[in-house]
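The structure appears below as structure tokens.
FYI, it's all coordinate maths here, none of it is from the lab. Owing to the predicted nature of the structure, the values given are computational and were not obtained by experimental measurement. Neighbour counts run over all protein chains shown; Cβ positions are idealised from the backbone, glycine included.
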Amino acid sequence: MAAMPDQGRRGSPYNIEMVSGGTLFAGVALTVSGPLSILLGITGVTRDTVFSSPRYAYRFDLTTWGWIHLVVGVALFLIGLGVLLGKSWARAAGIVVAAISVITQFMFIPYYPVWSVIVMAFDLLIVWGLSRSFHPAAVGGR
């Protein structure tokens, strides 16, 4: 047989390194957690009376809480897409934004306790998944 030139993936525009393991879980979790926070934010912005307003040290107007959740949700979703595409900046940003989400959910506990605790656990799993697979020297500055 004649030698065939190597036309493998080197010239392909689709040469994207696949993510796996904890990074894959975290990327999917970010893209799920983001829309959930967006929906919570939309509810807070459009319907102030949905959540009770207890006497609480971290008490904000519910519209303010809605905007906070909306902004955090959009950031979570966009960073989740970056993680799934294998971008190293997205892993670092995912750790930061998921940690911010944990803090905002903690402060939101009196308004919607069960939801907040579940999302906090989800966000902590995201931080764990991203931090355990985060090796900046190994990715070559992508």
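The table for this structure:
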quantity: Under the Karplus curve 6.51 cos²θ - 1.76 cosθ + 1.60, θ = phi - 60°, whole-Hz ³J(HN,Hα) for region 100-107, x wherever Gly or Pro sits; calculated: 5, 5, 4, 5, 5, 5, 4, 6
quantity: Peptides 121-127, 95-101 ordered by average Cβ neighbours within 10 Å, highest first; calculated: 95-101, 121-127
quantity: Label-point gap, in nm, between ILE118 and TRP67 - each point 7 angstrom along Cα→Cβ; calculated: 2.8 nm
